[in-house]
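Peer 1: Take a look at the following structure, please.
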Amino acid sequence: MTFPHHFSDHARLYSEVRRVVRSSGILACWTYHHQTVSPKVDALVQKLYADILGPYWPPEARHSEDGYRFLPFPFEEITPPPFRLVQEWDLDRAAAYMGTWTGSQRYRKETRRDPSKTSGRIWQRHGATRIRSGRSPGRFICESG
């Protein structure tokens, strides 16, 4: 099952985990924040994220920003091996992904403007044609039953 853990009802979730996870089961939770592309593109993404969408992010988004470091986790943690998530997208796909962000959805609903379309145009003006991003997850927390 995949879901944004930082938006969940943690007490209810952990109660359900205790109910259904068997003795050798694992609950694995990880998050990431921004992809890294290049200093120029990264600065543009940060401008979108903080300056344009900043007021539209719910308070729970801070858990993802903090790499889940301060998220309550009542189980024994297991240190996983390091790994990276790598994607290569054209600008339309990258902009569409950013359009799925909660901040983008709230912005769109309140302003009736699509911030992800603006991002694509800005990237094109800076010469970007494809986005290859690599992200190391923030805190990766596991519990083994």
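Peer 1: Among (1) under 23 Å from Ala11 (Cα atoms); (2) in contact with a Gly (Cβ under 9 Å, 6 or more places away or on another chain), where does Gln87 come up short?
Peer 2: Result: Gln87 fails condition (1) only.
Peer 1: Taking Ala11 as meeting all but one of (1) modelled with pLDDT of 80 or more; (2) of a type in the set (Gly, Ala, Ser); (3) surrounded by 11 or more Cβ atoms within 10 Å (Cβ to Cβ), write down the number of the exception.
Peer 2: Every listed condition holds for Ala11 apart from (3).
Peer 1: State yes or no: is Ser24 farther than 19 Å from Asp114 by Cβ and not in a helix (DSSP H, G or I)?
Peer 2: The answer is yes for Ser24.
Peer 1: Can you tell me which residues in the range 70-119 are of a type outside the set (A, V, I, L, M, F, W, C), surrounded by 12 or more Cβ atoms within 10 Å (Cβ to Cβ) and in a loop (DSSP other than H, G, I, E, B)?
Peer 2: The answer is Glu77, Pro80, Asp114.
Peer 1: Okay, moving on. Would you pick out the residues in the range 27-50 that are farther than 22 Å from Gly99 by Cβ and either at pLDDT below 75 or surrounded by 15 or more Cβ atoms within 10 Å (Cβ to Cβ) (or both)?
Peer 2: Leu27, Cys29, Trp30, listed by residue number.
The values are calculated or read from the model by the stated rules, or taken from the named source; none is laboratory data. Computed from a prediction, not measured in an experiment: that's the story for all the values here. Ideal geometry is used to build each Cβ from the backbone, glycine not excepted, and the neighbour counts take in all protein chains shown.
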